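Below is one structure, written out as structure tokens; comments come after it.
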Amino acid sequence: MAHPCDCLTDSRQEETAYQTLHQVIVDYDRDPKNLIQILHMAQAIFGYLPEATQRYICTEMDLPFSQVSGVVSFYSYFSTQPKGRHTIQVCLGTACYVRGGKKVLEALKESLGIDVGETTEDRRFSLEVKRCIGACGLAPAVAIDDFVHKRVNPNKLQEILSQYE
Ligand code: FES
């Protein structure tokens, strides 16, 4: 059961987050040239960039919504959905691709029931692809958070995923 003060705590956290974002925008002189840096900071503060946060930035910087949302959708780094507790990055660089990276990705999509760019309903995992994660000699590689799993094959996936709560 939810604690009776949870909502209050959430709204206080949100208020503090917006105060921090306001300070970031002021520190960057409300300059449109700094929009990408401001969006990076906003994502670091909120964990993702929901429409409400993008609109707040528009208002504070006096920019049209289309300009901010255009930048957010252009860069794959930015996310408009909350991320999972763990981010899986399947490498589809050349070495990993030819050694079975695509099969690993398909197996992960099926096992998690999500597509690339999505998050499982229980927020346990988000799924992404990368071009190279620097482990070509031990391809195919899959990074989960900061750890790179090497020579991954579909049969190893359940054992790997079970290490993450
Ligand atoms: S191509 Fe996958 S680690 Fe380099």
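Computed from the coordinates by the stated procedures, all read-outs in this text should not be read as laboratory data. Because the structure is predicted, anything quoted here is derived from the model rather than measured. Here Cβ is always computed from backbone atoms with ideal geometry, including for glycine, and neighbour counts include all displayed protein chains.
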Of all DSSP beta bridges located in the chain, what percent are antiparallel, nearest 5? 55
Can you give the relative contact order of the chain as a percent, counting alpha carbon pairs under 8 Å and 6+ residues apart? 18
Quarter of the surface of the C-alpha convex hull for region 86-161, i.e. direction-averaged projected area in nm², equals 4.2
Inter-part distance where region 17-41 and region 102-152 are each reduced to a Cα centre, Å: 32
Could you tell me which residue out of LEU35, GLY93, TYR18 lies farthest along the dipole of the chain toward its positive end? Charges go on the beta carbon: Lys and Arg +1, Asp and Glu -1, centred on the Cα centre. GLY93
Label points 7 Å out from Cα along the Cβ direction at LEU161 and SER76: separation in nm? 2.1
Return the Rg/Rh ratio of region 8-125 with Cα-based radii and a Kirkwood Rh. 1.07
Taking each pair of distinct Cα atoms in region 6-74 once, what is the resulting Kirkwood hydrodynamic radius in Å? 12.2
For the chain, built as a Gaussian network whose Cα springs stay under 10 Å, the top-fluctuating residue of GLY101, GLY84, GLY134: GLY134
Most mobile listed residue (VAL90, VAL68, VAL26) in the chain, GNM with C-alpha springs under 10 Å: VAL26
Subtract the Cα-Cα distance of HIS22 and GLU51 from 0.36 nm times their separation in residues, and report this length gain in nm to one decimal. 8.8 nm
Straight-line reach only, C-alpha to C-alpha below 17 angstrom: list the lysines that LYS150 could link to, leaving out same-chain residues fewer than 8 apart. LYS102, LYS103, LYS130
Within the chain: Cβ-based charge dipole about Cα centre, in debye rounded to nearest 20 (Lys, Arg +1; Asp, Glu -1): 960
